[in-house]
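The values are calculated or read from the model by the stated rules, or taken from the named source; none is laboratory data. Quantities reported herein were computed from a predicted structural model and do not represent experimental measurements. For neighbour counting, all protein chains shown are included, and Cβ atoms are generated from backbone atoms with ideal geometry for every residue, glycine included. The area values use the complete protein model at the heavy-atom level, side chains included, leaving out ligands, DNA and RNA. Shrake-Rupley method; radii C 1.70, N 1.55, O 1.52, S 1.80 Å.
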Number of protein chains: 2
Amino acid sequence: MKRMKYIIAFALLVINTVSKAQQHPSIMLTKKNIEQVRAGINKYPLLQTSYNELKKQADKAIASPINVPTPADGGGGITHEQHKENYKQAVACGVAYQVTKDKRYAEHLKNMLLKYADVYNTWPRHPKRKQEPGGKMFWQNLNDCVWLVYTIQGYDCIYDYVNPADRKKIEENLFASVVKELTEVNGKIFNLIHNHATWSTAAVGMTGYVLGRKDWVEMALKGSDKTGKTGFLKQIDDLFSPDGYYAEGPYYLRYAIHPFILFARAIQQHQPELKIYDYRNGLLKKAVQTALQCTYTNKVFFPVNDALKDKTYESEELVYAVDIAYGEMNASDDFLDIAQQQGKVIISDAGLKVAKAIAAGKTKPFVYKPMWISDGADGKSGGLGILRNGPNKNQTLAVLKAGTQGMGHGHFDKLNILFYDNNSEVLSDYGAARFLNVETKTGGGYTKENESWAKQTVAHNTMVVDKKTQFGAEWEDAEKFHPELLYFDANQNFQVSSAKEVNAYEGVEMIRTVVLFKPEKAESPLLIDVFKVKSAKEHQYDLPFWYQGHITNTPFTIRSNNTQLNTLGTKDGYQHLWLTATGKLKGNNGQITVLNNKKFYTTTFLADSSTQVQFVLLGASDPQMNLRNEKAFILSQPKSANHTFVNIIEPHGANNPIAEFTTGFMPVVKELKLVTDSDDISVVTFSYNNKLYTVTINYNNTQQFITIK
Amino acid sequence: MKRMKYIIAFALLVINTVSKAQQHPSIMLTKKNIEQVRAGINKYPLLQTSYNELKKQADKAIASPINVPTPADGGGGITHEQHKENYKQAVACGVAYQVTKDKRYAEHLKNMLLKYADVYNTWPRHPKRKQEPGGKMFWQNLNDCVWLVYTIQGYDCIYDYVNPADRKKIEENLFASVVKELTEVNGKIFNLIHNHATWSTAAVGMTGYVLGRKDWVEMALKGSDKTGKTGFLKQIDDLFSPDGYYAEGPYYLRYAIHPFILFARAIQQHQPELKIYDYRNGLLKKAVQTALQCTYTNKVFFPVNDALKDKTYESEELVYAVDIAYGEMNASDDFLDIAQQQGKVIISDAGLKVAKAIAAGKTKPFVYKPMWISDGADGKSGGLGILRNGPNKNQTLAVLKAGTQGMGHGHFDKLNILFYDNNSEVLSDYGAARFLNVETKTGGGYTKENESWAKQTVAHNTMVVDKKTQFGAEWEDAEKFHPELLYFDANQNFQVSSAKEVNAYEGVEMIRTVVLFKPEKAESPLLIDVFKVKSAKEHQYDLPFWYQGHITNTPFTIRSNNTQLNTLGTKDGYQHLWLTATGKLKGNNGQITVLNNKKFYTTTFLADSSTQVQFVLLGASDPQMNLRNEKAFILSQPKSANHTFVNIIEPHGANNPIAEFTTGFMPVVKELKLVTDSDDISVVTFSYNNKLYTVTINYNNTQQFITIK
């Protein structure tokens, strides 16, 4: 009730106060601070190198003819890349003009915009459009929005330079037309609660501020019907959890955060009374913090859902986000560590503050924290359990994915785990099957193996029931449910995250508890993984571990398929797996040791007489050679009703091929046992360096959920 | 005749002048210079950090109990690693004692040596010995030799500290026994012309100098019979080509150079009149230079023959070699670039000079040169053709392997090529099948796939006739022959290397000509590869290209093996290959584009109606999972007598997933044709950016072997 009042009050503010400040520039750079930015470029190294880089772009732009081609190509194609190049030139020339006051930059950009104004309305819909009505300048409306988000920043910088007649031409024939394209032709996207809509509303809103078009700003903030049922504010309400987590996952959070942060900065400039930075308890700052917490020390975002695995926090979106969070939202000095690693700042009021603080030696190491990050607009739709141990230069990290499906980009991987150590992936996620911007690979978009492989359950480190994908691989069904957080704790002795999923497979209840625990004398913590499954009926339970590196030891009998390989199945991702070998255990403990980036990792697992180990290689049913040949071992229980998988993943030793030494190549964990296992309690024991450890999980005791002795 | 006289004179010198200088220390550190080294540690950053590193080791040593276990384990095992640790401690404690004069270091080392003296003679032969009589402290005599090379340096440093009674005990019960072990028990190895013998002679010779044992030095220099038919000097004569190339290849050159350089330094100290640095026209300095020229800008040695691919010039052997070459042999200032990248120097007279020169800002970028490096003791047994273009930060490199077999560690890969670009391998060599020091993998030694796969011809980027390995896979046969250098040139316009091989396959003559050539407007040079084969009979000719990266485009029809994989053959390496797909071309040009480290590489190749393209994945017939799953495409002519493969490998474009842009993803080379082809001449044409280029190779014209117009 209180919240509703706040929203109404906020809505009134929106209507009454649009665009008081009609000075230019007014978004990332401001008339007020431009002199200080200019001075800072000569004083602060990071601002200087960043500016030099941008000026190089601007100089290259003014030395080249203006090129505004008729749209023809898909992602990565020539016209696609040229229009991308143009919007980057727009920012570079705009900023270079503001810093140098050299008219050549402004003139070039003005002429480019006039050229666009000449031709934009003559273009048909994009010939390679990916949807209907689809993009105009690019194959996706999304790219058209991005074009405007950038280009309007450039125009903001040269606004005062352009004479009124040209302004009129540019604003009417180009910007108004693009806004119409976004708000009307693709109005359906504009009014979604989705990151594409954020780009669209940010583009329209920022254009509204720069051009003084109150109506556009209002539509941007409150949807094209101006009711607030959609639009930017509603996106902040609905797309994030109270912890700043984004339903589509870290990779898309990285992408989405860019227009959120940029538009927020524009709102703050033009309507500070809206207190956008404080909106929803400072949600946007939390989102930046959460985005960074969803990375590992290799700088890469957790590749859950559709994610490209080479995306790091060095990407431009995060440069904007880190600069604005630090420069405007009082983020703490450990953000400077990230900015330093990014190696650049945005030439802006915020970038000035970051570069100045770094030059003053304020940088502190980024503080990675173990944490539960809630998912869902209300924070009650599961989440991501993040367990971390060790300093940034040698951190061990485990992630339990127990959040929502993440819409169309989500993967069917409830209770998936990721494991990192020694700055490397140990247990990995395939991420998305996509070659970004490589036109010969499905036009740079997702390949069909993204559906048939990457999203399927078996592509992840979580259990597959009867070789079928969770929720019948229907994401709309998956979207209705989420796992339940049972417990999260990060104390001095250990860190633990436990979650329960009962909807992914009909009649099957799954509880996964992951613990990071460092026994006495251990150099690295162990990942203890207790995966409990209950069902009234018998099923086949497959638990894959997708590992990086090379297997160096399997002290049990293996039957290798030496002269012929067959697929492990025909659907649900299994059609993509070659079965290379199978293993059968005699005792009740199995071990598999992998050498990965000069360190050993042993998975010690519980087995019984029916347990099979299947070694698989990805790459079957791949006629276009789109898949990477990754590898896994699958622990398989062919016929069980209730079953508890218990695994301990132990980082150990070192193998240094340059200095030629090897230490600790054998695991220390021994005698893994499940001594008690009921609905209420699982008790696991193991020995480490001849000391016995007992892990007791009380599933129904939220006070003392787990003890390790 | 003149040479023989020199050798006799040298031999007389050896006998007459041994060990005049009986001061200690006298090898890497000297009594004369120790004060300057001490001062330098406080002055020169690289010497300081290197010393701190070493002192940490020494401090760790004196804080730990002495541990001299009875030998039990193979490579990577506990006793193996402990004895390695001990010899490193010996150097660390010895040097730390010399620098600090803190007696704790000397005392620790003395006690360790006394402990060894107590037990050494009680040990049986090593229980896991790899040969007979085999090692004693380690599984290989080789490791015993290395132990002595290090340990004697430590003893040299504490010699003056040890009282005569303890000295006697250490020298008689330990060092004399080890020398006996090397010169007598394993005397056969001592008298080989082989890198193992170099370690053995260096160990014995250095020990002779430190202990004042003239007879040991003489044996070391001239073989145990002191005739000069074997021994260190004869090894310098026979193991290197006049260019300083080592028959076993760059990887083993790296390894072998260590005892050569160290013992040479000891000789220079004790018998400067031998002028060992000038021996054979300054051969040892050339060998260091050649070792560095056999690396790429990724720091890795060319992985020809049995090579581990993670060995870089940062390895300790090269630190010794670079320091001594610069400090003592007047190597030029570009060696400092390598020393800086190594990030350390040896705490020694030579290391002092290197650190001082770096501190004085004398470093120049290492000068990589295109060159022909001759093989064979007389330099007439073929060699390695190295073509390079571009600055160190973005260098394109092609290597043609046309030297001798390289003895037991050689691969059957005559006329193999390697190709590098953008600091990455593009066309790669598997190297050795070995997990160094990983005891669970064949005790850390070569796995059996090293024979069945890594050495076989199909594992390399060279032609396979009738699916059989060169020389019937008999290395002793291969050792008798070598390719003939037809031509090498590196001029302003292009670089070329051409060689002929007529013995690898009976009745088959092969000429491979590789050219690095940069057409107008090209950003990177093209690798033009003309592989001509002649035979009176028809054969199957397979030309594999082992690529790194991911195929992004094959504009011809491919039939993929989606649900079952079979091996491509049953022997000669083919049993390890899964055939994943086959391609058939319609026109007479095929293209395969690979994305590797954010850059594209297209191989444009000539095809006719019989040409088959086979896509293969390594990993079949591998029951222990010892192989990496690498990939190749094989251009196959099923039935030809004479045939000329023509391929152009073109680096192009860029794909930046962080900044999200792609440029030049399509190749520019088009219309590749072989317009003339006879015994005397091959004429190849192709277009690049619509300009026609003609490459004319005159096989019998050494004056104008090749023209490109």
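Separation of region B:248-317 and region B:167-238 by C-alpha centroid, Å? Comparing the Cα centres of region B:248-317 and region B:167-238, I get a distance of 20 Å. Take the accessible area of chain A alone and of chain B alone, subtract that of the pair, and you get about 4500 Å² summed over both chains, using a 1.4 Å probe. Backbone phi angles across region B:610-619, fed through the Karplus curve with coefficients 6.51, -1.76 and 1.60 (θ = phi - 60°), yield HN-Hα couplings of 9, 4, 10, 10, 10, 9, 10, 10, 6, x Hz in residue order; Gly and Pro are listed as x.
Phi angles across region A:405-416 convert, under the Karplus curve 6.51 cos²θ - 1.76 cosθ + 1.60 with θ = phi - 60°, into 3J(HN,Hα) values of 5, x, 6, x, 8, x, 10, 8, 9, 4, 6, 5 Hz, Gly and Pro given as x. How many nanometers, to one decimal and shortest first, lie between the label point of A:Asn392 and those of its other copies, if labels sit 7 Å from Cα toward Cβ? When each copy's label point is compared with this one, the spacings are 2.9 nm.
Just so you know, the averaged projected area of the alpha carbon convex hull for the protein assembly as shown sits at 53.6 nm². Measuring how big region A:2-359 is from its alpha-carbon positions, Rg and Dmax come out at 19.1, 57 Å. Partner shielding of A:661-667 amounts to 6, given as the average count of beta-carbon atoms from other chains within 10 Å of each residue beta-carbon. What a 1.4 Å probe finds exposed on the protein assembly as shown is 50% carbon and sulfur by accessible area, rounded to a whole percent. Legend: Rg and Dmax of region A:498-552, from Cα coordinates, 15.2, 44 Å. Full extension of the chain segment joining B:Lys537 with B:Trp123 gains 143.0 nm, where the gain is 0.36 nm per residue of separation less the Cα-Cα distance. Amide H to amide H, with H built 1.01 Å from N, B:Ala620 comes under 5 Å of B:Leu577, B:Trp578, counting only residues 5 or more places away or on other chains. What is the calculated FRET efficiency for A:Asp608 to A:Asn298, with r their C-beta to C-beta distance and R₀ = 45 Å, to the nearest 0.05? Taking R0 as 45 Å, the efficiency between A:Asp608 and A:Asn298 is 0.75.
The mean number of Cβ atoms from other chains found within 10 Å of a Cβ in peptide A:647-658 is 3, as a whole number. Summarising the label geometry, the points placed 7 Å from Cα in the beta-carbon direction at A:Lys586 and B:Ser687 lie 7.0 nm from one another. Within chain B, helices built from complete DSSP H runs that reach 18 Å or longer along their own axis (Cα positions) and carry a mean Kyte-Doolittle hydropathy of -0.5 or higher are B:2-17, B:141-158, B:195-211, B:250-270, B:279-293. Note on A:Lys670: lysines with a C-alpha under 17 Å away, same-chain residues under 8 apart excluded, are A:Lys518, A:Lys521, A:Lys586, A:Lys691, A:Lys709. Taking the Cβ-Cβ separation of A:Gln564 and B:Arg559 as r and a Förster radius of 22 Å, what is the calculated FRET efficiency to the nearest 0.05? Here the calculated transfer efficiency is 0.80.
Evaluated over the Cα positions of region A:643-709, the convex hull gives a direction-averaged projected area, one quarter of its surface, of 6.1 nm².
Which is farthest toward the positive dipole end of the protein assembly as shown among B:Gly590, A:His409, A:Ala350, measuring Cα position about the Cα centre, with Cβ charges +1 (Lys, Arg) and -1 (Asp, Glu)? Looking along the dipole axis, the top candidate is A:Ala350.
Taking every DSSP helix (H) stretch of at least 4 residues in chain B, weighting each as -39,500 (n - 2.57) and dividing the sum by the residue count yields a mean residue ellipticity at 222 nm of -10000 deg cm²/dmol. Treating each Cα of chain B as one equal point scatterer and applying the Debye formula with no solvent, the log10 of I(q)/I(0) at q = 0.08, 0.11, 0.12 Å⁻¹ comes out as -0.67, -1.14, -1.29. According to the square roots a ≥ b ≥ c of the eigenvalues of the Cα gyration tensor, what is the shape class of region B:406-473, taking rounded for a/c under 1.5, prolate for a/b larger than b/c otherwise, and oblate for the remainder? Since a/c reaches 1.5 but b/c is at least a/b, the shape of region B:406-473 is classed as oblate. Quotient of the Cα radius of gyration of region A:73-115 and 2.2 N^0.38 Å, N being its number of residues: 1.30.
Panel note: contact residues of region B:401-446 (accessible area lowered by at least 10 Å² against the chain on its own; 1.4 Å probe) correspond to B:Phe435, B:Leu436, B:Asn437, B:Val438, B:Glu439, B:Thr440, B:Lys441. If the limit is 28 Å between Cα atoms, which of A:Lys275/A:Lys393; A:Lys393/A:Lys673; A:Lys234/A:Lys380 go over it? From the list (A:Lys275/A:Lys393; A:Lys393/A:Lys673; A:Lys234/A:Lys380), the Cα-Cα distance tops 28 Å for A:Lys275/A:Lys393; A:Lys393/A:Lys673. Taken per residue, the accessible surface of the protein assembly as shown reaches 35 Å², heavy atoms only and a 1.4 Å probe.
In units of the compact-protein estimate 2.2 N^0.38 Å, region A:371-708 shows a Cα radius of gyration of 0.96. Distance between the 7 Å Cα→Cβ label points at B:Ile708 and B:Asp489: 1.2 nm.
Counting only Cα atoms, region A:169-306 measures 49, 32, 26 Å along its principal axes, largest extent leading.
Checked against a 31 Å cut-off, the cross-linked pairs A:Lys60/A:Lys168; A:Lys180/A:Lys309; A:Lys455/A:Lys500 give Cα-Cα distances beyond that limit for A:Lys180/A:Lys309.
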